[in-house]
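The values are calculated or read from the model by the stated rules, or taken from the named source; none is laboratory data. Since this is a predicted model, take the numbers as computed values, not measurements. Note that we place each Cβ from the backbone using ideal geometry, even for glycine, and neighbour counts take in every protein chain shown. We work out accessible area using only protein heavy atoms, side chains counted, and drop any ligands, DNA or RNA first. Shrake-Rupley method; radii C 1.70, N 1.55, O 1.52, S 1.80 Å.
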Amino acid sequence: MGHYSKGSEKPPFKDDRLRLYSMRFCPYAQRPRLVLAAKGIDYECVNVNLKDKPDWFFDLNPGGTVPVIEQPDGAVIYESAIFCDYLEEAFPDKPQLYPSDPVKKSKQKIIVETMGKAFLTAFFKTLYAVGEEEPKETCALKGAECLCVFILYLKLTDNSHFICDKPGMGDFLIWPFFERLLVWQALIGLELTQFPAVSAWCAAMNEVPAVKECTYPGRNVLKVL
């Protein structure tokens, strides 16, 4: 399954399935793939070369980022979290990934929004800085601080492993970044075994069918952060 690059022509729709424009190793594009798998929605995947994007892709998303969803009728949705919320609302007959209780639903969104800003951005900046801008020990310390914040959020959910009482939207939206952390932990000198709650959540997520379906070998998930 190759990636469409500059100079290519946009592939025509072959059927009435949703089309996901993705990049195989992008964590943000992995979010909707997890949700599509968990909800059992059939779709077509078209991969885009993010380093040499085709001109027609900018007609779908002026920002040139993945993921993007396109319907056969021409409707287009992008931005990963918004994309996943759309899937939840557009397919009410499929398994629902948000809890029905509005308070619990809001808590999931708070975790995703807060961790997206305070954890994901800060933590993955440290990965790029290892051995260059900052020493390994500093990066490990920053990572540990972020994981402590995540543990506090996990405690707020009152659940044994998942952000909800079963694998839900919050888990799937955050998982792609932790999947990469599992591979990076040795590089930055941070062992997840030091954080039992995080380790338990990762172990539980690794057993979720949608996660197994959407996981690539570790050496590949590090190609794009």
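Data overview
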quantity: Candidate set from region 65-78 (those that are of a type outside the set (Ser, Thr, Tyr) and touching a residue at least 12 places away in the same chain (Cβ under 8 Å)); member that is nearest to Ser5 (Cα to Cα); calculated: Val66
quantity: Members of region 80-108 that are in contact with a Leu (Cβ under 9 Å, 6 or more places away or on another chain), farther than 17 Å from Arg17 by Cα and assigned to a helix (DSSP H, G or I); calculated: Ser80, Ala81, Lys107, Gln108
quantity: Identity of the residue in region 189-207, open to solvent by 60 Å² or more (accessible area, probe 1.4 Å) and in a loop (DSSP other than H, G, I, E, B), that ends up farthest from Glu88 (Cα to Cα); calculated: Glu191
quantity: One residue from Ala210, Ala186 being outside any loop (DSSP other than H, G, I, E, B) and at pLDDT 75 or above; calculated: Ala210
quantity: Which numbered condition Asn61 fails, given (1) open to solvent by 60 Å² or more (accessible area, probe 1.4 Å); (2) under 19 Å from the mean Cα position of the chain (by Cα); (3) closer than 29 Å to Met115 by Cα; calculated: (1)
quantity: Complete set of residues in region 139-176 that are open to solvent by less than 10 Å² (accessible area, probe 1.4 Å), hydrophobic (A, V, I, L, M, F, W, C) and modelled with pLDDT of 75 or more; calculated: Leu147, Phe150, Met169, Phe172, Leu173, Ile174, Trp175
quantity: Residue, surrounded by the fewest Cβ atoms within 10 Å (Cβ to Cβ), within region 5-25, restricted to residues that are farther than 17 Å from Ile77 by Cβ and touching a Lys or Arg at 6+ places or on another chain (Cβ under 8 Å); calculated: Lys6
quantity: Among (1) at pLDDT 65 or above; (2) open to solvent by less than 20 Å² (accessible area, probe 1.4 Å); (3) not hydroxyl-bearing (Ser, Thr, Tyr) - the single one Phe123 does not satisfy; calculated: (1)
quantity: Some residue of region 26-41 being under 20 Å from Glu213 (Cα atoms) and open to solvent by 80 Å² or more (accessible area, probe 1.4 Å); calculated: yes
quantity: Residues of region 42-51 satisfying the condition of being modelled with pLDDT of 95 or more and either open to solvent by 70 Å² or more (accessible area, probe 1.4 Å) or on the phi > 0 side of the Ramachandran plot (or both); calculated: Asp42
